[in-house]
Structure formats: C-alpha cells, structure tokens
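**Q** Quick one: the structure is below, and I'll ask about it shortly.
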Amino acid sequence: MVEVTSILHKEPKFQLGNCLGINKLLSIIALFLATVAFRIQPTIVQWIYMASSPIQARKLFLYSGIFSLVIEGFIVLIGLFLFVKAPTLAKDQIWPYVFENTPVILKGFIAISLLAMAMSTADSLLNVCAVMVSHDIVGGVQVKRVITDKHKLVLARVTVLVVGICAMLLVFRERDLLELLKFIFDFSVPIVTAPFFLAIYGFRGSSRTALIGMLTGVLAILVWKQWVEPRINIDGAFPSMLANGLAMLAAHYLLPQPAGTGWIPPDKIYQQRQQEKARIKRRSKQERQNFFLKAQLAKFKPSRTGLLLSGIYLLVIGVATFGYCYDYSQSLYSYSLLLLPCMGLLYMGCSVYGYQTIPDWV
C-alpha cells in the first residue's frame, strides 16, 4: 500500500493542482451534478412504487446504498491497482491485459459475472421501458378504444425489441464509455429530472407547464452542445435541467393556471408523522437530561457487598492469570497482568474502609 501511495504521489494525473484549474474544476462539478441527477432513474421509481410503505423504501435505499458503495469501492481499487501496475496501458487494451494476467480458473467467473450484471441491468431497464410505453403512455392517451391486455402485452414485446436494438446501435456509435455516459445525460437529465424533483417537493403543475419546461430543457441542451460546450468544455446536462425547472416555475406564475395546481401543503398523514418525530425527539432529550441528574446517577452507586465480591473476583482471576502466563512464557510482559489483582485490592479496600468517601453520583 505504501508503494501504491508513493507511485500515485509522483503521478501528475493524481496531483491536486492538476484539477484546480477553473475550467477543469467546473467541468468536474457539472459532470458530478449531472451524475447525481441521473441517479433518479425509472427503475428506482419502480422500486419505490413496489415498496409496501415509505419505511420499506427507506430500508431498500439504505441497504442498496451500502452494498453499492462497497462494490463501487472495489471497482475503483481494481482500476487504481491496474493503473499502478501498467500506467502506460491504452484504454482498448485494459480488458485483454486483465484476462491475460488472470488465472485460468477465474477467467470464466469474470466473464459470467460481467454478463450477469449486464443482463440484469438491461433486463430491469427494458422491463420498465415496456411497462411505461404499454401501460402509462398508451394507457393514458387512449380515448375512444380501450386497449386490451393482449394488445398491451404485444406492445410491450415490440417495445423491448425496438429499444434493445436502438441501445445496441447507440453502443456502436460511441466507443468511449465517458462520452456515451454524457450522451445519455443529455437525453434524460435536461428533460425529465426537473419535473420529477418539483413533484417530489410538492409542486403540481399543469400539462402545459410541464411541456414548456421540457421544451426549454431540450432547446437549452441543443444550444449548449452547439455553441457553449465547444468553447468551455463543460457538460450542459445539469444547467439545462435548471433551465427546465426555472421555465416551469416561470410558466406557472406568469400564465393562467387551472385550480388545484401549484405548491400543495403537506397532507395530514405527513404532518402527523412529523409531529410524532418531534415528540419522540423531545422525549429522548428529556430522558438524556434526566439520566445525568444526581438523583438518577446515585442509583448506579455499587453496594458494599457488590464492590467486595468484585474485588475478590479480580484478585483471584488476576493472580491465577499472572501465575499461568509467567510460568508459560517467563516474559516481563506478564507483570502487566498484576494490574487486575491491584484493582481487586483497591475494590476490596474501598468496600471495607473507604465506602463512605465514594460520592453518590459515581
């Protein structure tokens, strides 16, 4: 580990001054904010809806966050150790190098694990996309003719096929994973993230307000990609998302809106839960204060008999342990075990002669 630290300390890419330039620092911050906003994916929303209660959803995110942190930490360490081992390795030679220097028995496990992770993620995303198209979108716009479940199932299968083919074509379009990630950010973050955040925090706008915000986000990301990003080299997904949210708020306050839109107050269930949390917090604070009162601490004062028996126990155990260790090892460190008999004698002396000098709050 010391060798790895020394190598990274000499590497210019890992120097703090390498990322303190204003353009590079802003680029890193913008990409980080876009990544955070992109975490609100349709699959995550589906997990929230599948939970039986907010408490279960909270536990789900807590456990998945802990496991994700551990897994991503190992991924970062693997990349770090690989960089230390072969710092001049090209990006397209990373996986061939990994497989060449991996034992034969582990190559199959690595391939199976990668395929399992990729297929699991792709299966979840395709499933959510098919449900959104066949149930939410088509089911929400049908007016005259009711679509049967059979037709919805066929539509879901067609959606999975079309989206899967488009995803494969998109992968062949961008060979760089970072550029592919930015390309995905530009499609999703400026359009759907701002309405979702506003809905979470209690904003209920009309369909016209949402469409105005989404159109503003699309125009903002197109303008940013065409004229702004080539000059400053900063990803525009997060600024376009902010433009989307500001456009929705401006459209809501400047244009006439139907009744029932705007910021809604918390419901009664939420208010009751907040009041219950406040009561529990006040009760816990009062219990902590009462715990440290002298009248309460006086109850923890040991009795004379208990102090005497504890001293006898420490004396016997300490002497027996010291005798065994000294006979077995003949080491000077064995004398440190005499601390236990000394404590036992102290307890016995306090119980017989100095019990009255012990304060009640000890």
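The values are calculated or read from the model by the stated rules, or taken from the named source; none is laboratory data. Quantities reported herein were computed from a predicted structural model and do not represent experimental measurements. Using ideal geometry, Cβ is built from the backbone for each residue, glycine included, and neighbour counts are taken over all protein chains shown.
**Q** Of these, I234, I280, I264, which one is in contact with a strand residue (DSSP E or B) (Cβ under 6 Å, 6 or more places away or on another chain) and either hydrophobic (A, V, I, L, M, F, W, C) or more than 26 Å from F38 (Cα to Cα) (or both)?
**A** I264
**Q** While we're on this one: Out of the residues in region 247-273 that are surrounded by 12 or more Cβ atoms within 10 Å (Cβ to Cβ) and in contact with a Ser or Thr (Cβ under 8 Å, 6 or more places away or on another chain), which is nearest to F197 (Cα to Cα)?
**A** That would be M248.
**Q** Hey, among the residues in region 168-205 that are more than 23 Å from the chain's Cα centre (by Cα), among the charged types (D, E, K, R) and part of a helix (DSSP H, G or I), which one's nearest to P239 (Cα to Cα)?
**A** Restricting to residues being more than 23 Å from the chain's Cα centre (by Cα), among the charged types (D, E, K, R) and part of a helix (DSSP H, G or I), the top hit is E179.
**Q** So, one more: Condition first: hydrophobic (A, V, I, L, M, F, W, C) and modelled with pLDDT of 80 or more. Now tell me which residues in region 26-52 satisfy that.
**A** Within region 26-52, L26, I28, I29, A30, L31, F32, L33, A34, V36, A37, F38 qualify.
**Q** Shifting gears a bit: Which members of region 70-124 meet the condition of being within 28 Å of the chain's Cα centre (by Cα) and more than 27 Å from M168 (Cβ to Cβ)?
**A** Matches in region 70-124: V70, G73, F74, V76, L77, L80, F81, L82, F83, V84.
**Q** Which pairs turn up if I take residues in region 246-265 that are on the phi > 0 side of the Ramachandran plot and look for partners that are outside any loop (DSSP other than H, G, I, E, B) and surrounded by 11 or more Cβ atoms within 10 Å (Cβ to Cβ) with beta carbon separation below 8 Å, at least 6 apart in sequence or on another chain?
**A** G260/R204; G262/F203; G262/R204; G262/H252
**Q** Taking L170, is it within 30 Å of W95 (Cβ to Cβ) and either out of contact with any Leu (no Cβ under 9 Å at 6 or more places or on another chain) or polar (S, T, N, Q) (or both)?
**A** no
**Q** With the requirement that a residue be hydroxyl-bearing (S, T, Y) and at pLDDT 80 or above, what does region 53-92 give you?
**A** Y63, S64, S68, T88
**Q** Same structure again: For region 91-130, name all the residues that are of a type in the set (F, W, Y) and under 23 Å from M50 (Cα atoms).
**A** Of everything in region 91-130, nothing turns out to be of a type in the set (F, W, Y) and under 23 Å from M50 (Cα atoms).
**Q** So, P239, is that one assigned to a helix (DSSP H, G or I) and either touching a residue at least 60 places away in the same chain (Cβ under 8 Å) or surrounded by fewer than 14 Cβ atoms within 10 Å (Cβ to Cβ) (or both) or not? Outline the logic, then answer.
**A** Working: assigned to a helix (DSSP H, G or I): yes; either touching a residue at least 60 places away in the same chain (Cβ under 8 Å) or surrounded by fewer than 14 Cβ atoms within 10 Å (Cβ to Cβ) (or both): yes.
It is true that P239 is assigned to a helix (DSSP H, G or I) and either touching a residue at least 60 places away in the same chain (Cβ under 8 Å) or surrounded by fewer than 14 Cβ atoms within 10 Å (Cβ to Cβ) (or both).
**Q** If only one of S207, S240 is in contact with a Pro (Cβ under 8 Å, 6 or more places away or on another chain) and under 30 Å from P265 (Cα atoms), which one is it?
**A** None of the other options fit; the residue is S240.
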